[in-house]
Amino acid sequence: MAKSLDCISSGLDTVSKNFVLFVPALAPIVVQLLFTALAYVFSITYFYPYHLISVPNPYIILLGAILAAIVGFIASCMLVDMTRDVLNGRPADIRKSFDYVKGRIGVLFIVAILAGLCSVTIILLPVAIFLVIAAVVEELNAVESLRVAFRFVADNIGEVVIFIVVVIVVGLVASYGLSLIPLVGSYVGAVVSWILNVIFTVSAVHLYHSLKAPPPPPPPPPPA
């Protein structure tokens, strides 16, 4: 089995044994569901000959998506830190991870901008994912995190491509399938999307942890 697929399996196993890893995602889920509901409450009505058409307010949906993305980025950084603790044999601690993210919010804000720019193109999407992981796991500044992410993706391009393809295909299938559900499809889709985000983020940390280059050996002791 490819290492990337093995890490996705490990990610599923990790979240199934540590449900606390889903807790940070509750915040963006609530934000997105709230604004989705408001978009239906304050729907926009279009007048056509012989009938009216009401659609969810796109401006409220857009605002909710932006706020959910901001809150979701903070939640994702917390999730990466919590996953790091689990992989290092420590219990996941929400308060500790929140304090960690809060203490590095300036660096992570710049990382978020860089990750957003990388996400504009599919080609640099892997860099965006592992940029955030490198910033949190290695505790690097934004520039060093970007360099490490590029190096990691370049050194493991085959495994990274397989991982990204699985993420995109599963996300598209889930999104399309749930969009066919009448009335509640958008609500269920939002929840499932964040659940998948948690699973794949944890899996990405597993992949980074298993493939990253080992640290250089210590220098030899000085001659006696």
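With a simple spin-label model that places each label point 7 Å from the Cα along the Cα-to-Cβ direction, the separation between ILE105 and ASP93 comes to 2.1 nm. For PHE47 and ILE181, a Förster radius of 35 Å and the Cβ-Cβ distance give a FRET efficiency of 0.80, rounded to the nearest 0.05.
Computed from point charges on the beta carbon alone (+1 for Lys and Arg, -1 for Asp and Glu), the dipole magnitude for the range 1-105 about its Cα centre is near 200 Debye. Residues VAL191, VAL143, VAL148, ranked from the fewest to the most other C-beta atoms within 10 Å, line up as VAL143, VAL191, VAL148.
Sorted fewest first by neighbouring Cβ atoms within 10 angstrom, SER4, SER119 come out as SER119, SER4. Counted by neighbouring Cβ atoms within 10 Å, the residues LEU108, LEU5 run from fewest to most as LEU5, LEU108. Which angle between 0 and 90 degrees, to the nearest 10, do you get for helix 105-119 versus the longest principal axis of the chain when only C-alpha atoms count? With rounding to tens, the tilt is 70 degrees.
Angle of helix 157-179 to the longest C-alpha principal axis of the chain, folded into 0 to 90 degrees and rounded to 10: 20°. Rounded to the nearest 20, the size of the Cβ-charge dipole of the chain about its Cα centre is 160 debye, with Lys and Arg at +1 and Asp and Glu at -1. Please list, or write none, the aspartates and glutamates whose alpha carbon is within less than 13 Å of the alpha carbon of LYS212, excluding same-chain residues fewer than 8 places away. Those aspartates and glutamates meeting the cut-off are GLU138, ASP155, GLU159. FRET efficiency for VAL20 and SER210, Cβ-Cβ distance as r, R0 = 22 Å, nearest 0.05? Once rounded, the FRET efficiency stands at 0.45. Subtracting the Cα-Cα distance of LEU67 and VAL166 from their residue separation scaled by 0.36 nm leaves 33.0 nm. If R₀ is 35 angstrom, what is the calculated FRET efficiency for the pair THR121 and LEU12, using the beta carbon separation as r and rounding to 0.05? Working from the Cβ atoms, E equals 0.75. Less than 5 angstrom separates the built amide H of ILE44 from those of VAL55, ASN57, all sequence-distant by 5 or more or on a different chain. Compared with the dominant Cα axis of the chain, that is its longest principal axis, helix 3-17 is turned about 70°. Loop sites here are chymotrypsin sites (Phe, Trp or Tyr not before Pro) outside DSSP states H, G, I, E and B with no more than 13 other Cβ atoms within 10 Å. The longest part of the chain free of them is 51-224. Rank LEU124, LEU114, VAL30 by how far each Cα sits towards the positive end of the charge dipole of the chain (+1 on Lys, Arg Cβ; -1 on Asp, Glu Cβ) and give me just the farthest. Going by the Cα projections, it comes out as VAL30.
Since every read-out is calculated from the coordinates, none of them should be taken as a lab result. Please read all numbers here as calculations on a predicted model, not as lab measurements. Neighbour counts are summed over all protein chains in view; Cβ atoms, including those assigned to glycine, are modelled from backbone coordinates with ideal geometry.
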